[in-house]
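Enquirer: Quick one: the structure is below, and I'll ask about it shortly.
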Ligand SMILES: [Zn+2]
């Protein structure tokens, strides 16, 4: 880590800018994790954190991002005349609410990368707005971490001694008003099947085929308990990869569920199916290794209700209607929550992440900043 050199460059740039903004204890490590503390003079108030990720998802589009601001009038938008790339309103009704607004797009050859550069901008602008206002807020911790898109790696690696806040916020994904107080519990499993190899001359009654053991394992799972057949708050098993030779097969799978108990039952099911296979193949060997990846932030939000309460007060203050969503995924906040820092998420204002049609309405982007600002200002004030 980081998985790309661009993240190191961006991290160094941000560390310099943080110092220019008067942020204390700015630290940048070789993993491209940047942290700092905007000191405030208000005492007796929670220590708040903001965290954003440095990386941009790689979905095989151009790595060069050329953003542009277009005014949306209600007509189809040409993103790239040379390559004839258009955003057709018939295919993208989600843009309708932004008729008459300025909207940031890529040039159609790449993602926009508002996920998560919009959040970095919000946090840096927030810090510049807080300059000279030390009397109005307490300590505000910031962190920029790499490699969120490839498994929340930065948030897992972040030294919490450098991000010692009571609770924090990610500003990731999500359109205007959306906030995320709940997400998947996640685990990854690697199932190893060892068979017995033999030459066909002497295979009868001897050979145990690890590939067929893996097939039998998969056959024990409901074919509709998968991402392609589930939605909303339903969980799933997802078989990701199978590697096999005559001696051994490795099956990678992931487990997702919102409900803590159902999540545990899913992990138990894996072990139970493995046990069934051991009985069916007494000369084979089955090993199920399952490890948690991240947790539903809802469980930690219950432990410290301040993070959520403050978020709702901030929304109210800036006049944004909260739209809570259950996220079928995880953010860096899910990794931090699993490590004891309750970290809900609120909107950047962007839509269509991980797509060439990702866009960011300027007005929604500004509201994201207003929410962040309100959080800092309201933290010291007792709720009415
Ligand atoms: Zn993101």
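Enquirer: Residues that are out of contact with any strand residue (DSSP E or B) (no Cβ under 7 Å at 6 or more places or on another chain), within 28 Å of residue 112 (Cα to Cα) and within 16 Å of the ligand (Cβ to nearest atom): does the stretch 33-52 have at least one?
Expert: No, the stretch 33-52 contains no residue that is out of contact with any strand residue (DSSP E or B) (no Cβ under 7 Å at 6 or more places or on another chain), within 28 Å of residue 112 (Cα to Cα) and within 16 Å of the ligand (Cβ to nearest atom).
Enquirer: Can you pull out every residue in the stretch 173-213 that is at pLDDT 95 or above, in a loop (DSSP other than H, G, I, E, B) and in contact with a helix residue (DSSP H, G or I) (Cβ under 7 Å, 6 or more places away or on another chain)?
Expert: Matches in the stretch 173-213: 175, 176, 195.
Enquirer: Tell me, please, whether a residue that is buried (at least 17 other Cβ atoms within 10 Å of the Cβ), assigned to a helix (DSSP H, G or I) and modelled with pLDDT of 95 or more can be found in the stretch 248-264.
Expert: yes
Enquirer: What single numbered condition from (1) modelled with pLDDT of 95 or more; (2) under 21 Å from the mean Cα position of the chain (by Cα); (3) assigned to a loop (DSSP other than H, G, I, E, B) fails to hold for residue 6?
Expert: Only one criterion in (1) modelled with pLDDT of 95 or more; (2) under 21 Å from the mean Cα position of the chain (by Cα); (3) assigned to a loop (DSSP other than H, G, I, E, B) is unmet by residue 6, namely (3).
Enquirer: If I filter the stretch 312-321 for residues that are modelled with pLDDT of 95 or more, assigned to a loop (DSSP other than H, G, I, E, B), assigned by TED's automatic domain parsing to the domain that holds residue 178 and surrounded by fewer than 21 Cβ atoms within 10 Å (Cβ to Cβ), do I get at least one hit?
Expert: Yes, the stretch 312-321 contains a residue that is modelled with pLDDT of 95 or more, assigned to a loop (DSSP other than H, G, I, E, B), assigned by TED's automatic domain parsing to the domain that holds residue 178 and surrounded by fewer than 21 Cβ atoms within 10 Å (Cβ to Cβ).
Enquirer: Hey, among the residues in the stretch 330-370 that are within 15 Å of the ligand (Cβ to nearest atom) and on the phi > 0 side of the Ramachandran plot, which one's surrounded by the most Cβ atoms within 10 Å (Cβ to Cβ)?
Expert: The residue in question is 349.
Enquirer: I'm trying to understand the selection: among the residues of the stretch 265-290, which are closer than 24 Å to residue 230 by Cβ and either surrounded by 20 or more Cβ atoms within 10 Å (Cβ to Cβ) or in contact with a strand residue (DSSP E or B) (Cβ under 6 Å, 6 or more places away or on another chain) (or both)?
Expert: Listed by number, the residues that qualify are 266, 267, 270, 271, 274, 288, 290.
Enquirer: Turning to a different aspect of this structure: How many of the residues in the stretch 2-33 are in contact with a helix residue (DSSP H, G or I) (Cβ under 7 Å, 6 or more places away or on another chain), more than 18 Å from residue 128 (Cα to Cα) and without any contact (Cβ under 8 Å) to a residue 60 or more places away in the chain?
Expert: 1
Enquirer: Kindly indicate whether any position in the stretch 218-233 is touching a strand residue (DSSP E or B) at 6+ places or on another chain (Cβ under 7 Å), in contact (Cβ under 8 Å) with a residue 12 or more places away in the chain, surrounded by 15 or more Cβ atoms within 10 Å (Cβ to Cβ) and assigned to a helix (DSSP H, G or I).
Expert: Yes: one or more hits.
Enquirer: Shifting gears a bit: Would you please name the residue that is farthest from the ligand (Cβ to nearest atom), looking only at residues in the stretch 141-165 that are buried (at least 18 other Cβ atoms within 10 Å of the Cβ) and farther than 15 Å from residue 335 by Cβ?
Expert: Filtering first and then ranking leaves 141.
Enquirer: Right, here's the next one. Please note which strands (runs of 3 or more DSSP E) are completely contained in the stretch 11-83 and include at least 2 residues that are at pLDDT 95 or above and more than 27 Å from residue 311 (Cα to Cα).
Expert: Ranges flagged: 24-28, 68-72, 77-80.
Enquirer: Go through the stretch 100-125 and give me each residue that's within 26 Å of residue 24 (Cα to Cα) and either within 16 Å of the ligand (Cβ to nearest atom) or not assigned by TED's automatic domain parsing to the domain that holds residue 21 (or both).
Expert: Within the stretch 100-125, 116, 117, 118, 119, 120, 121, 122, 123 meet the criteria.
Enquirer: Taking the stretch 350-384, which residues are closer than 23 Å to residue 307 by Cα and not in a helix (DSSP H, G or I)?
Expert: 350, 379, 380, 381, 382, 383, 384
Enquirer: Scanning the stretch 129-166 for residues that are part of a loop (DSSP other than H, G, I, E, B) and more than 22 Å from the chain's Cα centre (by Cα), which turns out nearest to residue 50 (Cα to Cα)?
Expert: Out of the qualifying residues, it is 139.
Enquirer: Out of 214, 262, report the one residue that is without any contact (Cβ under 8 Å) to a residue 60 or more places away in the chain and within 25 Å of the chain's Cα centre (by Cα).
Expert: Criteria check complete, one pass: 262.
The values are calculated or read from the model by the stated rules, or taken from the named source; none is laboratory data. Being a predicted model, the structure only gives us computed values, none of them experimental. All Cβ positions, glycine included, derive from the backbone under ideal geometry; neighbour counts span all protein chains shown.
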